[in-house]
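Have a look at the structure below, then the notes.
The values are calculated or read from the model by the stated rules, or taken from the named source; none is laboratory data. For clarity, every value in this text was computed on a predicted model and none was experimentally measured. FYI the Cβ positions are ideal-geometry reconstructions off the backbone, even for glycines, and counts take in every protein chain you see.
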Amino acid sequence: MFSKEEAKELRLEFWQKLSNKTRRLPGQKGRKRTWIFDNTGIKGLDLRFDVSREKIIVALEINIKKEEDRLGLYEKLEAAKGLFEGQFGEPLIWDFAYTKPNGREVCRVYVEQPGDMYVRESWTEIFTFMIDKMIRMERAFLEVKDYLKYM
């Protein structure tokens, strides 16, 4: 078990190493990979990394507070499921009522794998998963972005 300070330092090191790893991606020429994340161009729709002691998640998250609008955007995304998953390259988990650890309900389309961010020995495998899946998630999102923009 880690103290609060040790856990904080380990999390910081984890994210720094992931950032460094993205500088060595093909085509990056030493530049840091810039992820879309919360700059998707669609309010309330973000791309997320979610890491914990149990699992690693790469997700497209709809976090609009007004439930009707959130579910409306999710339904529109779900209508493009075939195209989205086809571009992603594998089936995804579709959850219109995903409850985050803070209790907030969002809609999520995601992929996950078991993993523990506090185990340094597994970081290489975790980073490979996160980078590969986020590149694919961005590509799939960009394929349907224009369609989603107009509700």
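Of all residues in region 26-44, none satisfies being modelled with pLDDT of 90 or more, at negative phi and touching an Asp or Glu at 6+ places or on another chain (Cβ under 6 Å). The one condition from (1) under 17 Å from Phe127 (Cα atoms); (2) part of a loop (DSSP other than H, G, I, E, B) that Lys43 does not meet is (1). For region 92-108, enumerate the residues that are within 15 Å of the chain's Cα centre (by Cα) and not hydroxyl-bearing (Ser, Thr, Tyr). Hits for region 92-108 are Leu92, Ile93, Trp94, Asp95, Lys100, Val106, Cys107, Arg108. Suppose the filter is exposed (fewer than 15 other Cβ atoms within 10 Å of the Cβ), at pLDDT 95 or above, touching a strand residue (DSSP E or B) at 6+ places or on another chain (Cβ under 9 Å) and acidic (Asp, Glu); does Glu121 pass it? No, not satisfied. Pairs meeting the criteria (first residue in region 80-102 and within 16 Å of Ile56 (Cα to Cα), second residue surrounded by 15 or more Cβ atoms within 10 Å (Cβ to Cβ) and among the hydroxyl-bearing types (Ser, Thr, Tyr), beta carbons under 6 Å, at least 6 apart or on different chains) are Ile93/Tyr110.
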